[in-house]
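Written below as structure tokens is the structure these notes are about.
What follows draws every value from the coordinates through simple rules; no lab data is involved. These numbers come from a predicted model, not from an experiment. Heads up, the Cβs are rebuilt from the backbone with ideal geometry, glycines too, and the neighbour counts pull from every protein chain shown.
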Amino acid sequence: MAALLTIQDLTVAYESRSGPITAVDHVNLELHQDEFLAVVGESGCGKSTLGLSVIGLLPKPPARIVQGSIQYKDTDLLRLNGNKIREYRGTEIAMIFQEPLTSLSPVYRVGDQIAEAILIRELRKRGQSTIDSEFMQRTYKRSARQLKRTARVGHRIPSDLSEEVIRYLKLVRIADPEQVLDRYPFELSGGMTQRVMIAMALSQEPALLLADEPTTALDVTTQAQVLKLMKELIRKVRTSVLLVTHDLAVASQVADRVVVMYAGEIVEDADVIDLFSNPMHPYTSGLLSCIPSGYKDDSELTPISGSLPDLRSLPIGCRFAPRCPHAMAICSKQNPSLIQQDNNHKVSCHLYGQQN
Amino acid sequence: MDSKTETILRTEDLRKYFPVRKGLNPFSRREQRFIKAVDGVSISVQKGKTAAIVGESGCGKTTLARTIGLMTPATGGKLYFDEKEITEAKIDRNQIYRNMQMVYQDPESSLDPRMKVAASIGEPLYGLMRWDKHVVNEAVDRSLQLVGLSADFADRLPKQLSGGQKQRVAIARAIAIQPSLVILDEPTSALDASVQAQILKLLLKLQNEFKLTYVLITHNIAVARYMADFVAVMYAGNIVEYGPTRTVISRPRHPYTIALISSAPIPDPKTRNLLQTEIRGEVPSAIDPPLGCKFNPRCPFAEGICTSSNPPLQEISPEHFVACHFVNKTA
């Protein structure tokens with residue numbers, strides 16, 4: 001499988017009054033064509049920062065890319081300037097966020113918002129393979145004008161466009177798409193707005209879909225529906241996915257490969273079946289045994305002791321060592337590096353021998 | 001009375017309606033509408049046990065907890081605590097709070113940011129119990145120790161604590177007065193997985209030590225299974241299934257419970273239950289819920305009767321109650 005996305009030695013820091021906080025620290029990651037990759041970790045582990053740096057949406061400042069490269073197909077996304085990255089953002093690389101209500105515009109009807117996305121895709125297809133910023137500006141103005149004009153005449157978008165919008169709403173299984181078209185985001189439920197977001201993201205037929213906690217704000221029954229839908233559609237449009245989640249159970253249900261992050265570093269990277277049946281890093285196995293899985297009278301939880309380290313004053317050596325039940329002398333001296341163990345199972349832990 | 005089945009808390013047809021604000025027009029003829037957050041709930045909680053109330057957002061589980069905790073007056077129905085009715089207007093709430101405490105979801109907002117930990121934990125000891133200073137200080141130290149925090153946390157401010165530590169302080173405050181009942185409203189949903197496990201374990205330890213009774217509000221089936229002796233499943237203001245945890249989780253009979261349990265992701269890539277679920281639709285609006293059984297638009301077994309009458313809870317096996325017209329179809 002060819003790598004679609006290669007992240008090399010990526011380090012991202014946030015400037016703060018008490019000095020830089022390294023949120024992502026020397027991360028190496030590959031995402032293959034047609035792969036569903038989940039990045040799992042607890043709050044502050046750097047998983048969202050990793051996702052945002054791929055699509056160039058990090059707030060800079062305070063964020064700063066210290067070093068590294070993000071190779072997408074043949075381009076280093078980090079070398080692109082603001083206008084150039086826009087050719088990729090939303091089109092080649094689409095993103096779904098955690099809060100669908102804050103990522104949709106509250107003042108446009110959802111039909112118009114999806115129509116705009118489709119309009120841009122169509123314009124892009126017609127000859128303009130590279131979108132310069134001027135073109136984007138023009139397109140945006142034109143579609144905004146069009147939407148404004150159409151809004152006056154009974155909120156109707158051109159019929160061929162609206163058919164396309166309805167097709168996408170049907171694709172994400174929204175009941176009565178003709179009605180939903182004319183609604184504002186606040187009139188829809190959380191599950192429906194997230195479906196609209198997915199419809200918008202997939203209408204671009206992106207090669208890479210970033211999903212940052214897409215179902216965390218949803219209820220379990222809705223989460224199940226949305227994840228099932230995502231999984232089906234991704235297969236249909238052949239999109240690779242980078243799913244950022246805090247929920248190991250969700251990752252186990254949908255992903256092909258799982259990357260576990262802790263305090264800004266990748267600690268384990270393995271095939272999903274392999275990771276759950278044979279977790280190698282003590283943090284991964286600790287996280288797994290933190291998930292309550294039995295009844296009150298017949299099961300015992302074994303929580304990881306201690307709490308997440310402060311990124312400002314990280315422990316020397318392995319960052320997990322102070323909480324690790326298997327910590328050895330070397331763990332508090334030297335930070336292990338991520339090393340390939342057996343087929344496609346990488347782990348960063350002194351327990352498994354380190355090369356020098 | 002047999003201590004095993006002693007009931008500490010009982011509700012009878014408990015209801016809580018919130019009026020929907022009318023528009024600006026004072027002459028509007030639109031009739032007053034209500035959000036029926038809790039719409040006729042009858043449960044009983046046994047002493048020393050944990051009853052979990054499980055449901056999705058908007059099902060009324062938090063309102064039920066707040067109504068039980070007397071934070072908001074009930075619209076109708078009765079509430080008994082230690083065999084005494086506590087829904088009456090003249091009830092001395094301080095008396096009740098000496099035996100009933102609450103732990104909230106968000107420790108960030110349930111602790112006063114300007115109060116040191118010792119002051120937060122000590123507040124109910126002075127205010128409710130009217131204890132002397134040295135007794136309070138002792139109790140504060142003891143509760144801190146019980147929740148696994150060292151004594152030097154007493155002088156810290158909430159902003160100097162992590163999320164898990166804050167929740168420990170909130171728990172310490174709740175147990176410091178040695179109540180018999182603690183209402184836990186999503187005590188771990190704001191916490192990370194590794195911290196959640198610590199807090200759940202702590203709660204079980206405290207329960208064993210002090211024979212506490214818990215009413216646990218949660219949306220997380222796995223948490224309910226691990227913590228509770230009894231589970232009540234709530235949907236749109238009603239309890240649709242109630243029974244011993246093992247029975248409800250392993251042999252659910254209400255179609256909603258079945259959907260809820262099969263939608264909860266399990267951490268095993270070999271059994272991908274999530275991708276097989278068949279549940280459709282979403283939780284209905286609490287202002288205009290569907291007529292009849294509120295689950296009927298989403299239910300695979302729904303028939304004519306389901307749209308006309310709301311089924312009552314019936315005991316289908318000892319201690320196992322289900323509110324469904326077609327409960328025999330789900331066996």
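Dividing the mean sequence gap of close Cα pairs (under 8 Å, 6+ apart) by how many residues chain B holds gives a relative contact order of 19 percent.
Note on B:Val20 and A:Lys170: their simple-model spin labels are 3.2 nm apart, each label 7 Å out from Cα toward Cβ.
Straight-line reach from A:Lys60: taking Cα to Cα under 13 Å and skipping same-chain neighbours fewer than 8 places apart, the aspartates and glutamates in range are A:Glu15. When a/c reaches 1.5 or more, the comparison of a/b and b/c decides; with that in mind, is the protein assembly as shown rounded, prolate or oblate per its Cα gyration tensor? Oblate. Segment B:Ser162..B:Ser44, full-extension length gain: 38.9 nm, with 0.36 nm per residue of separation and the alpha-carbon distance subtracted. Bridging of B:Lys78 to lysines at a Cα separation below 25 Å is possible for B:Lys4, B:Lys16, B:Lys36, B:Lys47, B:Lys49, B:Lys61, B:Lys90, B:Lys294, once same-chain residues fewer than 8 apart are set aside. Sequence-distant contacts, meaning Cα pairs under 8 Å at least 6 residues apart, place the relative contact order of region A:272-352 at 24 percent. Each Lys and Arg adds +1 at its Cβ and each Asp and Glu adds -1 at its Cβ; summed about the Cα centre, chain A shows a dipole of about 1500 debye. Between B:Asp106 and B:Glu138, the contour length at 0.36 nm per residue exceeds the alpha carbon distance by 8.8 nm.
Pop the C-beta distance of B:Ile91 and B:Glu209 into the FRET formula with R0 = 30 Å and round what comes out to the nearest 0.05.
0.55
By the count of other C-beta atoms within 10 Å, a proxy for reagent exposure, B:Glu12, A:Glu178, A:Glu116, B:Glu241 are ordered fewest to most as A:Glu178, B:Glu12, A:Glu116, B:Glu241. With springs connecting C-alpha atoms under 10 Å apart, model chain B as a Gaussian network and identify which of B:Ala302, B:Ala232, B:Ala193 has the largest mean-square fluctuation. Result: B:Ala193 has the largest fluctuation of those listed. Its alpha carbons give region A:1-82 an Rg and a Dmax of 12.9, 44 Å. What's the FRET efficiency of B:Lys78 with B:Lys270 using the Cβ-Cβ distance as r and R₀ = 60 Å, to the nearest 0.05? The formula returns an efficiency of 0.80 here.
Based on the Kirkwood approach, the hydrodynamic radius assigned to chain B is 21.2 Å, with every pair of different Cα atoms included. Each of B:Ser143, A:Ser305 has some number of other Cβ atoms within 10 Å of its Cβ, and from fewest to most they run A:Ser305, B:Ser143.
The length gained by stretching the chain between B:Gln178 and B:Ser285 to full extension, at 0.36 nm per residue less their Cα-Cα distance, is 34.6 nm.
For region B:23-136, the fraction of C-alpha pairs more than 25 angstrom apart is 42%. Using the alpha carbons alone, the radius of gyration of region A:272-352 stands to its Kirkwood radius in an Rg to Rh ratio of 1.01.
Each of B:Glu6 and B:Glu31 was given a label point 7 Å from its Cα along the Cα-to-Cβ line. The distance between the two points is 4.7 nm.
Find, among the trypsin sites (Lys or Arg not before Pro) in region A:264-356, those assigned to loop by DSSP (not H, G, I, E, B) with at most 12 other beta-carbon atoms within 10 angstrom. Kindly include the intermediate steps, with their values, before the conclusion.
Details: sites: A:Lys296, A:Arg312, A:Arg319, A:Arg323, A:Lys333, A:Lys346; in loops: A:Lys296, A:Arg312, A:Arg319, A:Lys333.
For trypsin sites (Lys or Arg not before Pro) across region A:264-356 that sit outside H, G, I, E and B with at most 12 neighbouring Cβ atoms in 10 Å, the list reads A:Arg312, A:Lys333.
In straight-distance terms, cross-link reach from B:Lys133 covers every one of the lysines whose alpha-carbon lies under 30 Å from its own, apart from those fewer than eight places away in the same chain; here that gives B:Lys116, B:Lys159, B:Lys166, B:Lys205, B:Lys211. The modelled label-to-label distance for the pair A:Tyr352/A:Glu163, using points 7 Å beyond Cα in the direction of Cβ, is 5.4 nm.
Among rounded, prolate and oblate, which fits chain A when a ≥ b ≥ c are the square roots of the eigenvalues of its C-alpha gyration tensor, a/c under 1.5 means rounded, and a/b larger than b/c means prolate? Because a/c hits 1.5 or more and a/b exceeds b/c, chain A counts as prolate. In the elastic network of chain B, a GNM with C-alpha springs shorter than 10 Å, the most mobile of B:Arg29, B:Arg93, B:Arg272 is B:Arg29.
When B:Arg298, B:Arg253, A:Arg17 are arranged by Cβ crowding within 10 Å, least crowded first, meaning fewest neighbours, the order is A:Arg17, B:Arg298, B:Arg253.
Calculated FRET efficiency, A:Glu232 to A:Gln179, Cβ-Cβ distance, R0 = 30 Å: about 0.80 to the nearest 0.05. For region B:2-99, chymotrypsin sites (Phe, Trp or Tyr not before Pro) are listed when DSSP marks them as loop and at most 15 other Cβ atoms sit within 10 Å of their Cβ; the list is B:Phe27.
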